[in-house]
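Q: Okay, here's the structure, questions in a sec.
The values are calculated or read from the model by the stated rules, or taken from the named source; none is laboratory data. Owing to the predicted nature of the structure, the values given are computational and were not obtained by experimental measurement. Every residue, glycine as well, gets a Cβ built from its backbone with ideal geometry; the counts of neighbours run over all protein chains shown.
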Ligand code: 3PG
């Protein structure tokens, strides 16, 4: 089942997490889960990201583990082997999307234009990441897309905060938002897992349109 609509309904916020030191991976995932956020998008922006993915997959089974910043078919293969349960890409190319659809995990492709939404829809997917949400047009842009294409659910990501999340979450075509604000780099470096749990609790309490 490649469609990720059910993934978007896991939590009001999908934390977009970047980890430098794999020793931080499990405590960060546990801190999020303790705060009620049982999903994580771990980015492939660090050299050790695959190691962090494997550790979370092995040691925090109660969190839904996604891999983000998937840019190539090879990366998609590697993260699925490492235990990723869903894939997120910042944008789509025919080659990357085609390959991701051959893998046995849900796929959340990034889109930023109406043409890209239509291209992904043609491949049978009804859940997409809207990226970069703020610079690409914000809630007004998404509301406008929802008029001609109401059948797509979005996870807007990029430039969203706890304060701006409700502007997106009230839209009927938004099931959740993504953001890195739940896992600030200083909290990770200082081992301040309690702060991450508190940020997760705030995020988990956000209201989502029915
Ligand atoms: C992403 O990859 O989705 C973004 O980098 C997250 O955006 P943010 O840091 O503005 O939340």
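Q: Here is a check on your reading of the model: is residue 151 more than 28 Å from residue 29 (Cα to Cα) and away from the ligand (no atom under 15 Å from the Cβ)?
A: Answer is yes for this residue.
Q: Using the structure shown, decide if residue 65 is within 26 Å of residue 152 (Cα to Cα), without any contact (Cβ under 8 Å) to a residue 24 or more places away in the chain and not in a loop (DSSP other than H, G, I, E, B).
A: Numbers: within 26 Å of residue 152 (Cα to Cα): yes; without any contact (Cβ under 8 Å) to a residue 24 or more places away in the chain: no; not in a loop (DSSP other than H, G, I, E, B): yes.
When the stated conditions are applied, residue 65 does not pass them.
Q: Residues of the range 47-68 being under 17 Å from the mean Cα position of the chain (by Cα) and modelled with pLDDT under 95, which ones?
A: Answer for the range 47-68, where residues must be under 17 Å from the mean Cα position of the chain (by Cα) and modelled with pLDDT under 95: just 62.
Q: Name the residue that is surrounded by the most Cβ atoms within 10 Å (Cβ to Cβ), counting only residues in the range 4-13 that are out of contact with any helix residue (DSSP H, G or I) (no Cβ under 7 Å at 6 or more places or on another chain) and either on the phi > 0 side of the Ramachandran plot or in a loop (DSSP other than H, G, I, E, B) (or both).
A: Here the residue is 4.
Q: Taking the range 19-40 on its own, how many of its residues are in a loop (DSSP other than H, G, I, E, B) and over 17 Å from residue 54 (Cα atoms)?
A: 3
Q: Determine which member of the set 134, 124 is more than 13 Å from residue 16 (Cβ to Cβ), surrounded by fewer than 20 Cβ atoms within 10 Å (Cβ to Cβ), within 15 Å of the ligand (Cβ to nearest atom) and at pLDDT 95 or above.
A: From the options 134, 124, the qualifying one is 134.
Q: Of the residues 92, 16, 105, 70, which is in a loop (DSSP other than H, G, I, E, B) and within 13 Å of the ligand (Cβ to nearest atom)?
A: Values: 92 fails: within 13 Å of the ligand (Cβ to nearest atom); 16 fails: in a loop (DSSP other than H, G, I, E, B); 105 fails: within 13 Å of the ligand (Cβ to nearest atom).
Exactly one residue qualifies, and that residue is 70.
Q: Residues being part of a helix (DSSP H, G or I) and touching a helix residue (DSSP H, G or I) at 6+ places or on another chain (Cβ under 8 Å): count how many of those fall in the range 41-62.
A: Within the range 41-62, residues that are part of a helix (DSSP H, G or I) and touching a helix residue (DSSP H, G or I) at 6+ places or on another chain (Cβ under 8 Å) number 9.
Q: When you go through 88, 13, 28 one by one, which is the residue that is farther than 22 Å from residue 174 by Cβ and in contact (Cβ under 8 Å) with a residue 40 or more places away in the chain?
A: Step by step, each of 88, 13, 28 is checked, and only 28 is farther than 22 Å from residue 174 by Cβ and in contact (Cβ under 8 Å) with a residue 40 or more places away in the chain.
Q: Looking at 163, 144, 187 in this structure, which one is out of contact with any strand residue (DSSP E or B) (no Cβ under 9 Å at 6 or more places or on another chain), within 16 Å of the ligand (Cβ to nearest atom) and not in a loop (DSSP other than H, G, I, E, B)? Steps first, answer last, please.
A: Numbers: 163 fails: not in a loop (DSSP other than H, G, I, E, B); 144 fails: within 16 Å of the ligand (Cβ to nearest atom).
The conditions single out 187.
Q: Kindly establish whether residue 182 is touching a helix residue (DSSP H, G or I) at 6+ places or on another chain (Cβ under 7 Å), in a loop (DSSP other than H, G, I, E, B) and over 30 Å from residue 77 (Cα atoms).
A: For residue 182, the condition - touching a helix residue (DSSP H, G or I) at 6+ places or on another chain (Cβ under 7 Å), in a loop (DSSP other than H, G, I, E, B) and over 30 Å from residue 77 (Cα atoms) - is not met.
Q: For the range 166-179: of the residues being in a loop (DSSP other than H, G, I, E, B) and more than 25 Å from residue 87 (Cβ to Cβ), which is farthest from the ligand (Cβ to nearest atom)?
A: Among residues in the range 166-179 that are in a loop (DSSP other than H, G, I, E, B) and more than 25 Å from residue 87 (Cβ to Cβ), the one farthest from the ligand (Cβ to nearest atom) is 172.
Q: Return a yes/no flag: does the range 112-127 have any residue that is part of a loop (DSSP other than H, G, I, E, B) and without any contact (Cβ under 8 Å) to a residue 24 or more places away in the chain.
A: Checked the range 112-127: at least one residue is part of a loop (DSSP other than H, G, I, E, B) and without any contact (Cβ under 8 Å) to a residue 24 or more places away in the chain.
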